[in-house]
Amino acid sequence: MPGDCLKFRNWLLADETGYSQSFASLVYGYFRQILDSAVDLDYLSKNPARLKRATGAISKGPHVINYWTLDEFKKVVSKCYLGDVEGALSYVMLNLYYFTGMRVSEALALWWSDINLNGAYITVSHTLTNSKDSNKRRKPYTKTASGMRTIDIPQDLVELLAWWRKIQNDNLPQHGNDHYVLSPTDRPLHRSSVNNIINRYADLAGVHRIKAKELRASHASLLINQYNIDILAVSQRLGHAKPTTTLKYYAQLWRGRNRTVADRLNGAMGEINHPSHSLVKFVGNQYVKP
């Protein structure tokens with residue numbers, strides 16, 4: 001019954017339950033999907049969790065994006081030792097995410113055949129899934145259709161990737177183009193490895209930790225606040241279908257531009273010549289002291 005669904009929804013959100021709103025949203029979302037399956041299997045005629053507005057989905061609540069400024073990023077990567085494979089891989093990985101804005105699974109799925117060092121661009125057309133079978137983890141699609149894109153990369157990153165490729169060829173069991181870029185072996189890395197690397201070097205640098213996916217937000221902030229890149233270019237680089245999608249997820253990043261706007265407004269009035277006496281003839285019933 002819809003009333004029972006409402007009671008469950010309210011229980012998830014109750015203070016005494018102790019669940020965060022995002023967790024309550026996740027649980028109730030799964031609950032509604034289970035009831036959808038029950039309808040599909042003819043156990044229920046209708047999904048009671050979708051009949052009334054009161055039993056609608058639970059919002060995930062406000063989401064605060066954490067990211068690294070360019071100065072913070074420099075502090076983090078400065079702690080990478082480039083004399084061994086682990087440090088070199090970490091340095092390359094962090095730079096790749098920070099200066100391309102790729103999703104975690106997109107960069108982990110990269111083969112060298114996806115990178116054109118001469119043309120200075122990366123073709124994003126695959127994603128890495130969590131399958132235990134490493135041979136089935138690389139899928140020929142991205143999270144969305146618009147995620148299939150080409151990302152131009154700066155020359156600094158081109159040279160860094162060329163340096164890393166030489167290290168792979170000289171020291172690791174990888175040769176040719178059909179091998180993972182971000183890997184110290186011939187197998188893909190798990191996304192938890194990215195989080196571990198971020199946490200390790202953030203702690204060494206004394207910089208606040210961020211999630212792996214927030215390196216993507218860091219790239220967006222870099223484009224918006226450091227280089228004043230327009231919203232359409234940011235949207236295309238991130239692989240969003242339209243600029244409104246970028247605004248939906250990253251609108252709060254534009255708050256860093258408020259100081260720039262305020263500074264530009266300084267002096268807008270210029271010199272104003274005011275009259276030597278009042279030009280207003282006061283008409284009213286209130287006493288005004290001369």
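The values are calculated or read from the model by the stated rules, or taken from the named source; none is laboratory data. This one's a predicted model, so the numbers in the text were calculated from it and none came from an experiment. Positions of Cβ are backbone-derived with ideal geometry, glycine not excepted, and every protein chain shown enters the neighbour counts. Accessible surface areas use protein heavy atoms only, side chains included; no ligands, DNA or RNA. Shrake-Rupley method; radii C 1.70, N 1.55, O 1.52, S 1.80 Å.
Rounded to the nearest 20, the size of the Cβ-charge dipole of the chain about its Cα centre is 960 debye, with Lys and Arg at +1 and Asp and Glu at -1. Taking one quarter of the surface of the C-alpha convex hull of segment 84-150 gives a mean projected area of 5.3 nm².
When all alpha carbon pairs of segment 49-99 are counted in 10 Å bins from zero, the resulting P(r) reads 20, 29, 15, 13, 15, 8, 0 %.
The eigenvalues of the Cα gyration tensor, multiplied by 5 and square-rooted, give segment 125-209 an equivalent ellipsoid with semi-axes of 22, 19, 17 Å from largest to smallest. Note on residue 166: lysines with a C-alpha under 23 Å away, same-chain residues under 8 apart excluded, are 79. Using alpha carbons only, the radius of gyration of segment 54-188 set against its Kirkwood radius gives Rg/Rh = 1.02.
Taking trypsin sites (Lys or Arg not before Pro) across segment 33-132, the ones in a DSSP loop with at most 14 further Cβ atoms lying within 10 angstrom of their Cβ are 46, 52, 60, 132.
Ratio of Rg to Rh for segment 165-229: 1.09 [Cα atoms; Kirkwood radius as inverse mean 1/r over pairs]. Close amide H partners of residue 121, meaning residues 5 or more places away or on another chain with modelled amide H under 5 Å apart, are 116, 153. Across segment 1-93, Cα-Cα pairs more than 22 Å apart make up 53 percent of the total. Taking the chain as a Gaussian network of alpha-carbon nodes connected by springs under 10 Å, the highest mean-square fluctuation of the residues 263, 40, 84 belongs to 40.
Projected label points at residue 227 and residue 145, each 7 Å from Cα along the beta carbon direction, are separated by 2.9 nanometres. Using alpha carbons only, the radius of gyration of segment 118-275 set against its Kirkwood radius gives Rg/Rh = 1.09.
The per residue volume of the convex hull around the alpha-carbon atoms of the chain is 288 Å³. Ordering 207, 39 by accessible surface, largest first, gives 39, 207; the 1.4 Å probe counts only protein heavy atoms, with every chain in place.
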